[in-house]
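Have a look at the structure below before the remarks.
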Amino acid sequence: MINLTIDGQQIEVPEGTTVLNAARKAGIHIPTLCDHPHLKPYGGCRLCMVEIEGFRTLQASCTIPATNNMVVRTTSEQIHKARKFILTLIFSERNHFCPYCQVSGSDCELQNAAYGEGMTHWPLQPNWQPYPMDASHPYFILEHNRCILCRRCIRACSELVGANTLGVEERGAKTFVIADLNVPLGESSCVSCGMCVQVCPTGALIDRRSAYRGQNTTVDHHQTLCVGCSVGCGVDILTRDQQLIRIDGDWDAPINQGVTCKVGRFYPAFDDRERLKAPLLRKNGSLQPVSWEEALAAAAEKIKTAAGDGIAAIVSTRLPLESLVLFRQLFADRLGSEMVTSTEEGSRTAILSRWAEKLGKAFESKIDQIHEADAFFVMGADLINEHEVLGFFIRRRFPEGIKLILVDEDQNRLGDLAHCALIPQKKTGAALLKGLIAAVAKLGQNRVAFNGQPDEEVQKASEACGVASDLLLEAAFQLTNNEKSIIIYDPAVTDDEVMDLIIKLSQTSGAAMISIKGGANALGAAQLGLDKSLKLNGHRLAYIALGDEEPKERLIQQIEKCSNIIVQASYHSRLTAMADVVFPVVNWLEQDGHFINLDGRLQIAARVLKPAESIWTNEAVLSALADKLGTALESEWEKVISQRPSPVSIAA
Amino acid sequence: MSKPKVASDWMAGCAGCHMSLLDMDERIVKIVELVDLRSTPITDLKHPDETGVDVGILEGGINNTSNEEVAKMMRKRCKILVALGDCAVFGGVPAMRNFFTIEETLRRAYVETESTDAEGKIPDDPELARPTRVRAVHEVVPVDIFVPGCPPDADTIFYVLSELAQGRRPDLKDDKLHWH
Ligand code: SF4
Ligand code: SF4
Ligand code: SF4
Ligand code: SF4
Ligand code: FES
């Protein structure tokens, strides 16, 4: 531990702590601009300067480590003069028109710093050199006139996301934030995660939907979950007067630590689908708005007629456990339907549940392992296009020298970064895995005894899958040569043989295993047994609790065959247009409930907006229907989720 | 002791700062009790007394030769010069035109504007003030007190005037200090 004095206060901090962080720990405020608690210290703006006894000049507190017996002062005439001078230079560099800047008022760290120094004006005026604005990106705008070159955006883009899209060109006063080799952001390699917007201290990065609609001082913050996929990122949702303003990554969320992808940050605010506002009933061929009473009565009538095996019931994996369990109770337990499943039909989870049962225990690890692993074996999972945050967690660690082994039958954009990209011929995943297991044995790194001739087996596998044997050996080397390795796979591309081999590879190489699950509550649905593959034969009625999910083409095509369709949904879609009865329900922002993410974390999504009066919760619709059918439902999800072995341990 | 004399004028601004001054409602009576309000753009007397005033207030930036004269006259005739509002303090909205040449702005305003017919012509009467780059007041004459805000709110203006009236120097901070 290090002992130092800041403004007369004795402070003890661990070795390596910067003076800035030591001050923060003691509750002493030092103004900063380029520093960000979640980015590496950079020391570019010099606003955080302090006096340290024994040093001739002021020192940047964000980069200088605290040392024993250091005596630091954070305020003095000299310091205030220096801060004012730095701010003066920053304001003179570009063009700041605060009255019409979306962050002026409370959200601009530059302006706040100037107020903090009591600046009523700029001693040096700007030279009014106009700077361009890049409005080519669909979700945000880069307004160079307000950029202070703190490089937080650039550091977030590489340190947090690993996208490395942003950089600078030129030097000195001509320095410019650019995307790639200076292309418009909208045409760049940007993955639209929005982290740059989240960390920008000024109004230089403008979120198109939230700008001018609210500020920190005028909005309400809600810490909740993204239900975009099974990663289950924590988000901070800003609302004002019952309107969604903006979504930020929640820095305190254990899973994603502030990082989100575009699905979590931008999609909800840019969702322009038309909302369902009243129950609809098909009369004389067309859907007409009716009262809840009439719609419920009509639906109950149809359900009674089709009861039992005549009903196929499908529920969205974007709905909370509370909804899923009532859905299962009503259709499987009370009405006796055999075909009760989820919109994902267990396409990823069914095989995992089967193996959990077979092994009698959980076999997958927690997401935290990704932050510790130094070799990644990614099989089938396209982490560029879905479960993106997992992809960010890998990409951002390349500067540390991590190794990536990629197995994909198709081209995968992660492939550019891979140390070994193994592209097996179609449907030869099993052979490839056998080859890898043999290769591990050939290197003498196998933790499980290997029966057979490793050399021969590697050769055989190489011929079968079309991947050269030295590539197999190289992959096996990376997998076992590193301290911690991890296998990340997509169960959708496995079958029992492949699954068995992945588990064996994990055992023999010592690599941990993690799989992507799909929807936000795909694992929850699996635990409730809502994972059958949907087969319609002679079903007279399809009941779909779609929530705010956009119906997939495959579902629409299958349902089309049904003569009676009842849908509960938040938005108009091709599925609701086909339906005979439509119940308008809440979307994810308007409902409370529990979700189980891909690594078994049981999380609560909190309601952040009040639904309109004519819109019901999914649970309310199911309970009202049960009532009409002369039965009652009880929410008992806590008991049910652990009745079945799970691929990863489930806990809050 | 006689009441301090106060004069004000406006230049390249929108008059919003003077409107904000009026927005202090009945407190204006208190101000009038405390000070001797001389020339303002919204009262009869238009120029500060030749014999001088104690406090001169300028709204707006300086965007032509006429504004220069106004600013210089005010500076000469007042002891304490107050720059009132973002345009006077920073340049504000009018300064956005500094991104273009004067020729470009004039063409846009008098010739190319959608509502201008084929006869559009840049006025060139030698009697007219000559447009210049838009400057904050302190780029042309020294300023003693800066009151930013677009506009500064009535409470801030009241505070500034009542402090000055009582011979104190206003100290703008916390909710009185804003640039928007
Ligand atoms: S970025 Fe900050 S300082 Fe610049 S115009 Fe916006 S509010 Fe003003
Ligand atoms: S949105 Fe993400 S990927 Fe795109 S520039 Fe910003 S930080 Fe980089
Ligand atoms: S865009 Fe924002 S975060 Fe990036 S360098 Fe400029 S001011 Fe900093
Ligand atoms: S990775 Fe998944 S949970 Fe995280 S923000 Fe993206 S869609 Fe949402
Ligand atoms: S915050 Fe320390 S140099 Fe910028």
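With the crude spin-label approximation of a point 7 Å out along Cα→Cβ, what separation in nm comes out for A:Ala651 versus B:Leu45?
Each label point lies 7 Å from its Cα, and together they span 8.2 nm.
log10 I(q)/I(0), Debye, Cα-only region A:249-389, no solvent, q = 0.10, 0.13, 0.14 Å⁻¹?
With one equal scatterer per Cα and no solvent, log10 I(q)/I(0) is -0.62, -0.94, -1.04.
Which lysines does A:Lys434 reach when only Cα atoms under 29 Å apart count, and residues fewer than 8 places away in its own chain are ignored?
Once the sequence-local lysines are set aside, what remains near A:Lys434 is A:Lys358, A:Lys361, A:Lys366, A:Lys403, A:Lys426, A:Lys442, A:Lys460, A:Lys484, A:Lys504, A:Lys517.
How big is the B-A contact in terms of buried accessible area, both chains counted, 1.4 Å probe, rounded to the nearest 100 Å²? The partial results should precede the final answer.
Numbers: alone 10360 and 27150 Å², together 35650 Å².
Approximately 1900 Å², summed over both chains.
When the helix-only estimate is applied to chain A (DSSP H runs of n ≥ 4, each -39,500 (n - 2.57), divided by the residue count), what is the mean residue ellipticity at 222 nm, nearest 500 deg cm²/dmol? It would help to have the intermediate numbers written out before the result.
Details: 20 runs with 178 residues, N = 652.
Dividing the helical sum by the residues of chain A leaves -7500 deg cm²/dmol.
Give the lysines reachable from A:Lys610 as a straight Cα distance under 17 Å; neighbours fewer than 8 places away on the same chain don't count.
A:Lys277
Measuring from centroid to centroid over Cα atoms, what is the spacing of region A:301-378 and region B:44-88 in Å?
Region A:301-378 and region B:44-88 have Cα centres separated by 76 Å.
Over region A:2-75, what is the relative contact order in whole percent, taking alpha-carbon pairs under 8 Å and six or more residues apart? Please report the intermediate quantities before stating the final value.
On the way: 133 pairs, mean separation 30.8, N = 74.
Result for region A:2-75 is 42 percent.
Between region A:193-220 and region A:529-601, how many Å separate their Cα centres?
34 Å
Which of rounded, prolate, oblate describes chain A, given a ≥ b ≥ c as roots of the alpha-carbon gyration tensor eigenvalues and a/c under 1.5 marking rounded, otherwise prolate only if a/b is larger than b/c?
On the way: a/c = 2.19, a/b = 1.34, b/c = 1.63.
Oblate, since a/c reaches 1.5 and b/c is not below a/b.
Take the Cβ-Cβ distance between A:Gln453 and A:Lys361 as r, set R0 to 35 Å, and report the resulting FRET efficiency rounded to the nearest 0.05.
Details: r = 32 Å, r/R0 = 0.92.
After rounding to 0.05, the efficiency reads 0.65.
Might you work out the accessible area of A:Ile64 for me, using a 1.4 Å probe with all protein chains in place, and round it to the nearest 10 Å²?
A:Ile64 has an accessible surface of roughly 30 Å² with all protein chains in place.
Express in nm, to one decimal, how much length is gained between A:Leu417 and A:Lys532 on full extension, taking 0.36 nm for each residue of separation and deducting their alpha carbon distance.
Details: separation 115, 0.36 × 115 = 41.40 nm, distance 3.66 nm.
Additional length available on full extension: 37.7 nm.
With viscosity set to 1.002 mPa s and temperature to 20 °C, compute the Stokes-Einstein D of region A:125-265, Rh being the Kirkwood radius across alpha carbon pairs; µm²/s, no decimals. Don't skip to the answer; put the middle values down first.
Numbers: Rh = 15.9 Å.
D = 135 µm²/s.
What percent antiparallel are the DSSP beta bridges of chain A, to the nearest 5? All intermediate terms of the calculation are to be shown ahead of the outcome.
Values: 43 of 84 bridges.
In chain A, DSSP labels about 50 percent of beta bridges as antiparallel.
What number in nm² do you get for region A:281-344 if you take the convex hull of its Cα atoms and divide its surface by four? Present the calculation step by step, with values, prior to reporting the outcome.
Details: hull surface 21.3 nm².
Orientation-averaged projected area of the Cα hull: 5.3 nm².
Return the whole-Å distance between the Cα centroid of region A:488-522 and the Cα centroid of region A:20-39.
So the separation of the two Cα centres works out to 42 Å.
Using the alpha carbons of region A:350-515, what is the convex hull volume per residue in cubic angstrom, as a whole number? Mind showing how you got there, number by number?
On the way: hull volume 17.5 nm³, N = 166.
Spread over its residues, the Cα hull of region A:350-515 gives 105 Å³ apiece.
Give the peptides A:275-284, A:51-60 in descending order of average Cβ contacts within 10 Å, highest first.
Working: A:275-284: 16.8, A:51-60: 14.2.
In descending order of packing, they fall as A:275-284, A:51-60.
What's the average, rounded to a whole number, of partner chain beta-carbon atoms within 10 Å of each residue's beta-carbon in A:95-102? Could the numbers behind the result be given before it?
On the way: counts 5, 2, 10, 9, 13, 4, 2, 0.
For peptide A:95-102, the averaged partner shielding equals 6.
May I ask you to give the solvent-accessible area per residue for chain A, in square angstrom, as obtained with a 1.4 angstrom probe? Numbers along the way, then the final one.
Details: 26220 Å² over 652 residues.
Here the per-residue accessible area is 40 Å².
How many Cβ atoms of partner chains, on average, are near each residue of A:116-128 if near means within 10 Å of its Cβ? Mind showing how you got there, number by number?
Numbers: counts 2, 1, 5, 5, 15, 14, 8, 1, 0, 8, 5, 1, 10.
So the per-residue partner count for this stretch is 6.
Taking the dipole about the Cα centre of chain A, with the C-beta of Lys and Arg at +1 and of Asp and Glu at -1, give me whichever of A:Pro130, A:Gly203, A:Ser506 is farthest to the positive side.
Positive-most Cα among the choices belongs to A:Pro130.
Can you give the angle from 0 to 90° between the axis of helix A:618-628 and the longest principal axis of chain A, with both taken from C-alpha atoms, to the nearest 10?
20 degrees
So the label point goes 7 Å from the Cα of A:Asp592 along Cα→C-beta, right? Which residues of region A:242-261 then have their backbone N under 19 Å from it?
Flagged as within label range: A:242.
For n ≥ 4 DSSP H runs only, could you compute -39500 (n - 2.57) per run for chain B, divide by its residues and tell me the 222 nm figure to the nearest 500?
That calculation yields -7500 deg cm²/dmol at 222 nm.
Pairs of Cα atoms under 8 Å, at least six residues apart: use those to get the relative contact order of region A:125-265, whole percent.
Numbers: 259 pairs, mean separation 27.7, N = 141.
After rounding, I find 20 percent.
For helix A:349-359, what angle does its Cα long axis make with the longest principal axis of chain A, in degrees from 0 to 90 and rounded to 10?
The answer is roughly 80 degrees.
How far, in nm, would the chain grow between B:Leu34 and B:Ala109 when pulled straight, counting 0.36 nm per residue and subtracting the alpha carbon separation?
Details: separation 75, 0.36 × 75 = 27.00 nm, distance 4.33 nm.
So the extension gain works out to 22.7 nm.
Using a 1.4 Å probe, how large is the accessible area of A:Glu187, given in Å² and rounded to the nearest 10?
About 140 Å², rounded to the nearest 10.
Give me the Kirkwood hydrodynamic radius of region A:1-100, using the inverse of the mean 1/r over all pairs of distinct Cα atoms, in Å to one decimal. Don't skip to the end; give the middle numbers.
Details: mean 1/r = 0.0705 Å⁻¹.
Over region A:1-100, the inverse of the mean reciprocal pair distance is 14.2 Å.
Residue by residue through A:305-313, how many Cβ atoms from other chains fall within 10 Å of the Cβ on average? Kindly include the intermediate steps, with their values, before the conclusion.
On the way: counts 0, 0, 0, 0, 0, 0, 0, 0, 0.
So the per-residue partner count for this stretch is 0.
About its Cα centre, how strong a charge dipole does region B:8-77 have in debye, to the nearest 20, once Lys and Arg get +1 and Asp and Glu get -1 at the Cβ? Don't jump to the answer; show the numbers that get you there.
Working: 8 positive and 13 negative charges, 48 e Å.
My answer is approximately 220 debye.
If we sort B:151-159, A:80-88, B:168-176, A:321-329 on the protection proxy, mean other Cβ atoms within 10 Å, highest first, what's the order?
A:321-329, B:151-159, A:80-88, B:168-176
Relative to the longest principal Cα axis of chain A, at what angle does helix A:77-93 sit, 0 to 90 degrees, rounded to 10?
On a 0 to 90 degree scale, this one is about 60.
Rg to Rh ratio, region A:32-79, alpha-carbon atoms and Kirkwood radius? Walk me through the intermediate numbers first.
Values: Rg = 11.0 Å, Rh = 11.4 Å.
Reported Rg/Rh, Kirkwood definition of Rh: 0.96.
Over the protein assembly as shown, what percent of the accessible surface lies on carbon and sulfur atoms, probe 1.4 Å?
Here it works out to 49 percent.
The values are calculated or read from the model by the stated rules, or taken from the named source; none is laboratory data. Note that this is a predicted model, so its numbers are computed, not measured. Note: ideal-geometry Cβ built from the backbone for every residue, glycine included; neighbour counts use all protein chains shown. Quick note on the areas: whole protein, heavy atoms, side chains included, nothing else; ligands and nucleic acids left out. Shrake-Rupley method; radii C 1.70, N 1.55, O 1.52, S 1.80 Å.
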